[in-house]
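Working notes, beginning with the structure itself.
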(Lines give C-alpha, C1' and ligand atoms only; values in the text may rest on other atoms or scores of the structure.)
Protein backbone atom coordinates (compact mmCIF):
# COMPACT_ATOMS: atom_id res chain seq x y z
CA UNK A 1 0.00 0.00 0.00
CA UNK A 2 3.02 2.31 0.04
CA UNK A 3 2.17 3.45 -3.48
CA UNK A 4 -0.81 5.30 -1.97
CA UNK A 5 1.41 7.48 0.23
CA UNK A 6 1.20 11.14 -0.85
CA UNK A 7 -1.18 10.24 -3.70
CA UNK A 8 -3.91 12.47 -2.25
CA UNK A 9 -3.99 15.74 -0.35
CA UNK A 10 -6.34 17.68 1.88
CA UNK A 11 -6.99 21.01 0.19
CA UNK A 12 -9.84 22.49 2.25
CA UNK A 13 -11.00 22.40 5.88
CA UNK A 14 -13.38 24.37 8.05
CA UNK A 15 -16.01 24.21 10.77
CA UNK A 16 -19.64 25.28 10.71
CA UNK A 17 -20.31 29.01 11.00
CA UNK A 18 -20.69 28.63 14.76
CA UNK A 19 -19.91 25.94 17.31
CA UNK A 20 -21.25 25.64 20.84
CA UNK A 21 -24.92 25.73 21.81
CA UNK A 22 -27.01 26.13 18.66
CA UNK A 23 -30.65 25.18 19.36
CA UNK A 24 -31.88 26.80 16.14
CA UNK A 25 -29.45 25.10 13.74
CA UNK A 26 -30.38 21.79 12.11
CA UNK A 27 -28.03 18.90 11.41
CA UNK A 28 -28.33 19.57 7.70
CA UNK A 29 -27.35 23.21 8.21
CA UNK A 30 -24.29 22.21 10.23
CA UNK A 31 -23.20 19.93 7.38
CA UNK A 32 -23.90 22.45 4.62
CA UNK A 33 -22.20 25.34 6.39
CA UNK A 34 -19.11 23.22 6.95
CA UNK A 35 -18.97 21.95 3.38
CA UNK A 36 -19.47 25.42 1.86
CA UNK A 37 -16.77 26.84 4.13
CA UNK A 38 -14.30 24.04 3.38
CA UNK A 39 -14.91 24.18 -0.38
CA UNK A 40 -14.34 27.94 -0.29
CA UNK A 41 -11.14 27.32 1.68
CA UNK A 42 -10.01 25.01 -1.14
CA UNK A 43 -10.86 27.50 -3.87
CA UNK A 44 -13.28 25.03 -5.47
CA UNK A 45 -17.01 25.00 -6.20
CA UNK A 46 -19.79 22.85 -4.78
CA UNK A 47 -20.36 21.49 -8.30
CA UNK A 48 -16.81 20.06 -8.22
CA UNK A 49 -17.79 17.57 -5.50
CA UNK A 50 -18.35 14.05 -6.82
CA UNK A 51 -17.47 12.01 -3.73
CA UNK A 52 -19.33 12.35 -0.41
CA UNK A 53 -18.25 10.72 2.84
CA UNK A 54 -20.16 11.08 6.11
CA UNK A 55 -21.14 9.21 9.26
CA UNK A 56 -23.95 9.51 11.75
CA UNK A 57 -27.56 10.51 11.24
CA UNK A 58 -27.25 11.85 7.67
CA UNK A 59 -26.44 9.71 4.65
CA UNK A 60 -24.15 10.72 1.77
CA UNK A 61 -27.19 10.65 -0.53
CA UNK A 62 -29.05 13.14 1.67
CA UNK A 63 -26.06 15.50 1.63
CA UNK A 64 -25.80 15.17 -2.14
CA UNK A 65 -29.44 16.14 -2.47
CA UNK A 66 -29.02 19.10 -0.11
CA UNK A 67 -25.94 20.29 -1.99
CA UNK A 68 -27.53 19.83 -5.39
CA UNK A 69 -24.88 17.40 -6.62
CA UNK A 70 -25.08 13.78 -7.78
CA UNK A 71 -22.06 11.99 -6.30
CA UNK A 72 -20.53 9.10 -8.19
CA UNK A 73 -18.91 7.75 -5.05
CA UNK A 74 -20.35 7.57 -1.52
CA UNK A 75 -19.16 6.20 1.83
CA UNK A 76 -21.26 6.08 4.99
CA UNK A 77 -18.94 4.00 7.19
CA UNK A 78 -20.04 4.59 10.78
CA UNK A 79 -17.84 3.15 13.53
CA UNK A 80 -18.00 5.99 16.04
CA UNK A 81 -16.07 9.22 16.31
CA UNK A 82 -13.05 7.95 14.37
CA UNK A 83 -15.18 7.40 11.26
CA UNK A 84 -14.01 10.65 9.66
CA UNK A 85 -10.34 9.82 10.24
CA UNK A 86 -10.88 6.41 8.67
CA UNK A 87 -12.64 8.08 5.73
CA UNK A 88 -9.47 10.00 4.86
CA UNK A 89 -7.95 6.66 3.95
CA UNK A 90 -11.09 5.59 2.10
CA UNK A 91 -11.15 8.86 0.13
CA UNK A 92 -7.48 8.46 -0.74
CA UNK A 93 -8.24 5.03 -2.21
CA UNK A 94 -11.26 6.30 -4.16
CA UNK A 95 -9.27 9.22 -5.57
CA UNK A 96 -6.32 7.02 -6.45
CA UNK A 97 -8.53 4.66 -8.45
CA UNK A 98 -10.45 7.44 -10.21
CA UNK A 99 -13.76 6.73 -8.47
CA UNK A 100 -14.08 10.44 -7.70
CA UNK A 101 -12.09 13.62 -8.30
CA UNK A 102 -13.09 15.83 -5.37
CA UNK A 103 -14.07 14.15 -2.11
CA UNK A 104 -15.72 15.87 0.84
CA UNK A 105 -15.81 14.34 4.31
CA UNK A 106 -18.53 16.00 6.37
CA UNK A 107 -19.76 15.99 9.95
CA UNK A 108 -22.70 17.71 11.60
CA UNK A 109 -24.08 16.88 15.02
CA UNK A 110 -26.39 18.51 17.52
CA UNK A 111 -24.83 16.89 20.56
CA UNK A 112 -25.88 19.60 22.99
CA UNK A 113 -29.25 20.74 21.66
CA UNK A 114 -30.39 17.35 20.39
CA UNK A 115 -31.91 18.67 17.15
CA UNK A 116 -33.15 15.74 15.08
CA UNK A 117 -32.32 13.18 17.76
CA UNK A 118 -34.90 10.42 18.19
CA UNK A 119 -34.82 8.35 21.34
CA UNK A 120 -35.33 4.67 20.58
CA UNK A 121 -35.00 1.42 22.46
CA UNK A 122 -31.36 0.33 22.59
CA UNK A 123 -31.19 -2.98 20.72
CA UNK A 124 -27.39 -2.97 20.39
CA UNK A 125 -25.29 -5.75 21.88
CA UNK A 126 -24.30 -3.39 24.68
CA UNK A 127 -27.95 -2.48 25.27
CA UNK A 128 -28.82 -6.14 25.61
CA UNK A 129 -25.83 -7.56 27.44
CA UNK A 130 -24.00 -4.77 29.32
CA UNK A 131 -26.34 -1.91 30.22
CA UNK A 132 -28.83 -4.16 32.10
CA UNK A 133 -25.95 -5.16 34.38
CA UNK A 134 -24.92 -1.67 35.48
CA UNK A 135 -23.23 0.13 32.60
CA UNK A 136 -24.84 3.47 31.92
CA UNK A 137 -23.10 5.27 29.11
CA UNK A 138 -19.62 6.29 28.06
CA UNK A 139 -18.32 7.49 31.48
CA UNK A 140 -19.05 4.10 33.03
CA UNK A 141 -17.27 2.18 30.27
CA UNK A 142 -14.25 4.45 30.14
CA UNK A 143 -14.27 4.62 33.92
CA UNK A 144 -13.70 0.86 34.04
CA UNK A 145 -10.90 1.08 31.46
CA UNK A 146 -9.29 3.93 33.38
CA UNK A 147 -9.48 2.34 36.84
CA UNK A 148 -7.90 -0.80 35.40
CA UNK A 149 -5.04 1.34 34.07
CA UNK A 150 -4.64 2.84 37.54
CA UNK A 151 -4.59 -0.63 39.10
CA UNK A 152 -2.01 -2.03 36.69
CA UNK A 153 0.32 0.96 36.32
CA UNK A 154 -0.22 3.15 39.37
CA UNK A 155 -1.56 6.15 37.47
CA UNK A 156 -3.40 8.63 39.67
CA UNK A 157 -6.27 11.10 39.65
CA UNK A 158 -3.67 13.87 39.52
CA UNK A 159 -2.16 12.33 36.36
CA UNK A 160 -5.52 12.40 34.57
CA UNK A 161 -6.19 15.93 35.80
CA UNK A 162 -2.93 17.17 34.27
CA UNK A 163 -4.18 16.13 30.82
CA UNK A 164 -7.10 18.55 31.21
CA UNK A 165 -4.75 21.31 32.39
CA UNK A 166 -2.42 20.88 29.41
CA UNK A 167 -5.28 20.81 26.93
CA UNK A 168 -6.85 23.93 28.43
CA UNK A 169 -3.54 25.76 27.99
CA UNK A 170 -3.84 25.15 24.25
CA UNK A 171 -7.52 26.16 24.26
CA UNK A 172 -6.49 29.50 25.74
CA UNK A 173 -4.68 30.18 22.46
CA UNK A 174 -7.65 29.19 20.25
CA UNK A 175 -10.28 31.92 19.73
CA UNK A 176 -12.82 29.27 18.69
CA UNK A 177 -12.46 27.19 21.87
CA UNK A 178 -15.54 27.01 24.09
CA UNK A 179 -13.55 27.18 27.36
CA UNK A 180 -10.32 29.20 27.43
CA UNK A 181 -9.65 30.19 31.04
CA UNK A 182 -6.64 28.44 32.60
CA UNK A 183 -7.29 25.63 35.09
CA UNK A 184 -5.15 23.78 37.64
CA UNK A 185 -4.95 20.17 38.74
CA UNK A 186 -6.82 21.16 41.88
CA UNK A 187 -9.57 22.78 39.80
CA UNK A 188 -10.10 19.44 38.04
CA UNK A 189 -10.09 17.49 41.29
CA UNK A 190 -12.55 19.95 42.86
CA UNK A 191 -14.99 19.92 39.93
CA UNK A 192 -18.23 17.94 40.41
CA UNK A 193 -17.76 14.20 40.66
CA UNK A 194 -19.58 12.25 37.97
CA UNK A 195 -18.38 8.66 37.83
CA UNK A 196 -15.16 7.39 39.39
CA UNK A 197 -12.47 8.22 38.51
CA UNK A 198 -13.90 11.14 36.54
CA UNK A 199 -14.86 14.61 37.66
CA UNK A 200 -16.60 17.06 35.35
CA UNK A 201 -13.36 18.50 33.96
CA UNK A 202 -12.07 15.02 33.10
CA UNK A 203 -14.83 14.66 30.52
CA UNK A 204 -15.29 16.28 27.12
CA UNK A 205 -17.67 19.08 26.25
CA UNK A 206 -21.06 18.41 24.71
CA UNK A 207 -21.62 20.85 21.84
CA UNK A 208 -23.35 21.44 18.52
CA UNK A 209 -20.88 21.65 15.65
CA UNK A 210 -19.99 20.70 12.12
CA UNK A 211 -16.78 20.26 10.19
CA UNK A 212 -15.66 19.29 6.71
CA UNK A 213 -12.52 18.17 4.89
CA UNK A 214 -11.98 18.41 1.11
CA UNK A 215 -9.57 16.06 -0.66
CA UNK A 216 -8.30 15.60 -4.19
CA UNK A 217 -5.41 13.88 -5.95
CA UNK A 218 -1.94 15.26 -5.38
CA UNK A 219 -1.50 16.40 -8.98
CA UNK A 220 -4.66 18.54 -8.82
CA UNK A 221 -4.04 19.74 -5.27
CA UNK A 222 -1.28 22.09 -6.37
CA UNK A 223 -3.84 24.16 -8.28
CA UNK A 224 -6.08 24.75 -5.24
CA UNK A 225 -6.15 27.91 -3.16
CA UNK A 226 -4.14 26.75 -0.13
CA UNK A 227 -0.97 24.79 0.50
CA UNK A 228 -1.78 21.06 0.04
CA UNK A 229 -1.41 18.80 3.05
CA UNK A 230 -0.53 15.32 1.85
CA UNK A 231 -1.80 12.07 3.32
CA UNK A 232 1.42 10.15 3.86
CA UNK A 233 -0.23 7.22 5.59
CA UNK A 234 -3.59 5.92 6.76
CA UNK A 235 -4.69 2.92 8.78
CA UNK A 236 -7.76 1.60 10.53
CA UNK A 237 -8.63 -1.20 12.90
CA UNK A 238 -11.34 -2.68 15.09
CA UNK A 239 -11.20 -4.96 18.09
CA UNK A 240 -14.58 -5.39 19.75
CA UNK A 241 -18.08 -4.06 20.16
CA UNK A 242 -18.58 -4.96 23.82
CA UNK A 243 -16.08 -3.49 26.28
CA UNK A 244 -16.41 -6.71 28.26
CA UNK A 245 -14.83 -8.49 25.27
CA UNK A 246 -11.67 -6.34 25.26
CA UNK A 247 -8.51 -8.44 25.33
CA UNK A 248 -6.71 -5.95 27.61
CA UNK A 249 -8.63 -3.01 29.10
CA UNK A 250 -5.73 -0.49 29.28
CA UNK A 251 -4.52 -1.30 25.74
CA UNK A 252 -6.37 -0.47 22.52
CA UNK A 253 -5.49 -3.07 19.90
CA UNK A 254 -7.55 -1.15 17.34
CA UNK A 255 -5.37 1.91 17.96
CA UNK A 256 -2.17 -0.13 17.89
CA UNK A 257 -3.05 -1.87 14.63
CA UNK A 258 -4.29 1.26 12.87
CA UNK A 259 -1.16 3.12 13.90
CA UNK A 260 1.18 0.38 12.68
CA UNK A 261 -0.59 0.34 9.30
CA UNK A 262 -0.44 4.13 8.91
CA UNK A 263 3.23 4.29 9.95
CA UNK A 264 4.15 1.52 7.50
CA UNK A 265 2.40 3.24 4.58
CA UNK A 266 4.00 6.57 5.44
CA UNK A 267 7.44 5.08 6.07
CA UNK A 268 7.82 7.04 9.32
CA UNK A 269 9.04 6.31 12.83
CA UNK A 270 7.76 7.76 16.09
CA UNK A 271 10.63 10.23 16.33
CA UNK A 272 9.57 12.00 13.10
CA UNK A 273 6.34 13.41 14.52
CA UNK A 274 6.42 16.96 15.82
CA UNK A 275 2.65 17.39 16.33
CA UNK A 276 -0.05 14.99 17.55
CA UNK A 277 -3.85 15.18 17.61
CA UNK A 278 -5.63 12.57 19.75
CA UNK A 279 -9.28 11.91 20.54
CA UNK A 280 -9.89 13.11 24.09
CA UNK A 281 -13.43 12.28 25.15
CA UNK A 282 -11.89 11.56 28.56
CA UNK A 283 -8.57 12.64 30.05
CA UNK A 284 -7.33 9.06 30.17
CA UNK A 285 -7.79 8.67 26.41
CA UNK A 286 -4.67 10.48 25.11
CA UNK A 287 -2.20 8.70 27.45
CA UNK A 288 -3.71 5.30 26.63
CA UNK A 289 -3.53 6.10 22.90
CA UNK A 290 0.11 7.19 23.16
CA UNK A 291 0.89 3.88 24.84
CA UNK A 292 -1.13 1.86 22.32
CA UNK A 293 0.55 3.67 19.40
CA UNK A 294 3.98 2.79 20.79
CA UNK A 295 5.21 6.25 21.76
CA UNK A 296 6.03 4.96 25.24
CA UNK A 297 5.76 1.93 27.49
CA UNK A 298 2.41 1.02 29.11
CA UNK A 299 1.72 3.31 32.04
CA UNK A 300 4.06 6.05 30.80
CA UNK A 301 1.64 8.03 28.60
CA UNK A 302 0.80 10.45 31.40
CA UNK A 303 4.44 11.57 31.52
CA UNK A 304 3.94 13.52 28.27
CA UNK A 305 1.51 15.72 30.22
CA UNK A 306 3.06 15.63 33.72
CA UNK A 307 6.43 16.73 32.34
CA UNK A 308 5.04 19.46 30.06
CA UNK A 309 6.10 17.82 26.79
CA UNK A 310 2.56 18.21 25.41
CA UNK A 311 2.14 21.85 26.50
CA UNK A 312 2.60 25.04 24.46
CA UNK A 313 6.35 25.28 23.97
CA UNK A 314 6.81 21.59 24.78
CA UNK A 315 8.82 19.07 22.80
CA UNK A 316 5.78 17.24 21.38
CA UNK A 317 2.64 19.43 21.20
CA UNK A 318 -0.58 17.44 21.64
CA UNK A 319 -4.17 18.55 20.96
CA UNK A 320 -3.26 22.06 20.01
CA UNK A 321 -6.85 23.18 19.32
CA UNK A 322 -7.86 22.58 22.94
CA UNK A 323 -9.31 19.17 22.18
CA UNK A 324 -12.70 17.75 22.95
CA UNK A 325 -12.06 18.73 26.56
CA UNK A 326 -12.03 22.49 25.94
CA UNK A 327 -12.53 23.35 22.23
CA UNK A 328 -15.57 21.40 21.05
CA UNK A 329 -17.01 17.88 21.15
CA UNK A 330 -20.27 17.30 19.36
CA UNK A 331 -20.34 13.55 19.98
CA UNK A 332 -18.36 12.25 17.00
CA UNK A 333 -15.24 14.37 17.37
CA UNK A 334 -12.92 12.88 14.73
CA UNK A 335 -13.29 15.54 12.01
CA UNK A 336 -11.91 18.30 14.25
CA UNK A 337 -8.42 16.85 14.92
CA UNK A 338 -8.00 16.59 11.14
CA UNK A 339 -8.95 20.24 10.67
CA UNK A 340 -6.45 21.33 13.32
CA UNK A 341 -3.63 19.20 11.91
CA UNK A 342 -4.16 20.65 8.43
CA UNK A 343 -4.14 24.20 9.78
CA UNK A 344 -0.93 23.49 11.70
CA UNK A 345 0.71 22.09 8.57
CA UNK A 346 -0.30 25.24 6.67
CA UNK A 347 1.02 27.51 9.41
CA UNK A 348 -2.38 29.13 10.01
CA UNK A 349 -2.75 28.75 13.79
CA UNK A 350 -1.52 32.09 15.08
CA UNK A 351 -0.55 32.05 18.76
CA UNK A 352 -0.84 28.26 18.97
CA UNK A 353 1.20 27.55 15.84
CA UNK A 354 3.81 24.82 16.32
CA UNK A 355 7.08 26.25 14.94
CA UNK A 356 8.56 24.36 12.01
CA UNK A 357 5.97 21.59 12.07
CA UNK A 358 6.50 18.99 9.34
CA UNK A 359 4.73 15.78 10.36
CA UNK A 360 1.38 15.51 12.17
CA UNK A 361 -0.26 12.39 13.57
CA UNK A 362 -4.05 12.21 13.90
CA UNK A 363 -5.52 9.28 15.81
CA UNK A 364 -9.03 8.71 17.05
CA UNK A 365 -11.17 6.04 18.61
CA UNK A 366 -14.69 4.92 17.87
CA UNK A 367 -16.96 3.66 20.60
CA UNK A 368 -15.16 2.58 23.75
CA UNK A 369 -11.80 1.96 22.04
CA UNK A 370 -13.75 -0.38 19.75
CA UNK A 371 -12.43 0.98 16.44
CA UNK A 372 -9.65 3.37 15.54
CA UNK A 373 -8.25 5.39 12.67
CA UNK A 374 -4.79 6.87 12.23
CA UNK A 375 -3.46 9.21 9.54
CA UNK A 376 -0.08 10.82 8.94
CA UNK A 377 -0.17 14.31 7.42
CA UNK A 378 2.56 16.59 6.08
CA UNK A 379 2.92 19.61 3.82
CA UNK A 380 6.07 17.93 2.50
CA UNK A 381 6.15 14.90 0.18
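The values are calculated or read from the model by the stated rules, or taken from the named source; none is laboratory data. As the structure is a computational prediction, the values presented were derived from the model and not from experiment. Note that each Cβ is placed from the backbone with ideal geometry, even for glycine, and that neighbours are counted across all protein chains shown.
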Q) Of all residues in the stretch 16-30, how many are surrounded by 18 or more Cβ atoms within 10 Å (Cβ to Cβ) and touching a helix residue (DSSP H, G or I) at 6+ places or on another chain (Cβ under 6 Å)? A) 2
Q | Sole residue being more than 30 Å from residue 98 (Cβ to Cβ), touching a strand residue (DSSP E or B) at 6+ places or on another chain (Cβ under 7 Å) and surrounded by fewer than 24 Cβ atoms within 10 Å (Cβ to Cβ), chosen from 126, 191 | A | 191
Q) Which of the residues spanning the stretch 43-74 are part of a loop (DSSP other than H, G, I, E, B) and on the phi < 0 side of the Ramachandran plot? A) 44, 45, 49, 50, 55, 57, 58, 59, 69, 70, 71, 72
Q: Kindly check whether there is at least one residue in the stretch 356-363 that is surrounded by fewer than 24 Cβ atoms within 10 Å (Cβ to Cβ), modelled with pLDDT of 95 or more and under 28 Å from residue 35 (Cβ atoms).
A: yes
Q: State which residue pairs qualify: first residue at positive phi and at pLDDT 95 or above and inside the stretch 10-26, second residue surrounded by 15 or more Cβ atoms within 10 Å (Cβ to Cβ) and assigned to a loop (DSSP other than H, G, I, E, B) in any location, beta carbons under 6 Å apart, and separation of 6 or more residues or different chains.
A: 20/178; 20/207
Q: Select, from 231, 268, the only residue that is assigned to a strand (DSSP E or B) and touching a residue at least 40 places away in the same chain (Cβ under 8 Å).
A: 231
**Q.** Candidates 98, 43, filtered to the one that is under 15 Å from residue 216 (Cα atoms), more than 23 Å from the chain's Cα centre (by Cα), in contact (Cβ under 8 Å) with a residue 60 or more places away in the chain and surrounded by fewer than 24 Cβ atoms within 10 Å (Cβ to Cβ)
**A.** 43
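Of all residues in the stretch 332-378, how many are within 26 Å of residue 172 (Cβ to Cβ), in a loop (DSSP other than H, G, I, E, B), in contact with a helix residue (DSSP H, G or I) (Cβ under 9 Å, 6 or more places away or on another chain) and in contact (Cβ under 8 Å) with a residue 12 or more places away in the chain?
Taking the stretch 332-378 and keeping what is within 26 Å of residue 172 (Cβ to Cβ), we get 332-365, 377.
If we keep only those that are in a loop (DSSP other than H, G, I, E, B) too, we end up with 332-334, 347-349, 353-359.
Okay, now just the ones that are also in contact with a helix residue (DSSP H, G or I) (Cβ under 9 Å, 6 or more places away or on another chain), so 332-334, 348-349, 353-354, 357-359.
With the extra rule that they be in contact (Cβ under 8 Å) with a residue 12 or more places away in the chain, the set shrinks to 332-334, 349, 354, 357-359.
Within the stretch 332-378, residues that are within 26 Å of residue 172 (Cβ to Cβ), in a loop (DSSP other than H, G, I, E, B), in contact with a helix residue (DSSP H, G or I) (Cβ under 9 Å, 6 or more places away or on another chain) and in contact (Cβ under 8 Å) with a residue 12 or more places away in the chain number 8.
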Q) Among the residues of the stretch 75-97, is there at least one that is at pLDDT 95 or above, within 15 Å of residue 231 (Cβ to Cβ) and part of a loop (DSSP other than H, G, I, E, B)? A) yes
**Q.** So residue 304, is it within 21 Å of residue 268 (Cα to Cα), touching a strand residue (DSSP E or B) at 6+ places or on another chain (Cβ under 9 Å) and surrounded by fewer than 24 Cβ atoms within 10 Å (Cβ to Cβ)
**A.** no
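Restricting the stretch 203-220 to residues that are outside any strand (DSSP E or B) and touching a helix residue (DSSP H, G or I) at 6+ places or on another chain (Cβ under 8 Å), which is surrounded by the most Cβ atoms within 10 Å (Cβ to Cβ)? I'd like the intermediate steps shown before the answer.
Here is the first cut: in the stretch 203-220, the residues outside any strand (DSSP E or B) are 204-207, 218-220.
Narrowing the set further to residues that are touching a helix residue (DSSP H, G or I) at 6+ places or on another chain (Cβ under 8 Å) leaves 204-205.
Details: 204: 25, 205: 23.
My answer is 204.
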Q: Please enumerate the residues belonging to the stretch 171-194 that are in contact with a helix residue (DSSP H, G or I) (Cβ under 6 Å, 6 or more places away or on another chain), in a helix (DSSP H, G or I) and either over 19 Å from residue 146 (Cα atoms) or at pLDDT below 95 (or both).
A: 171
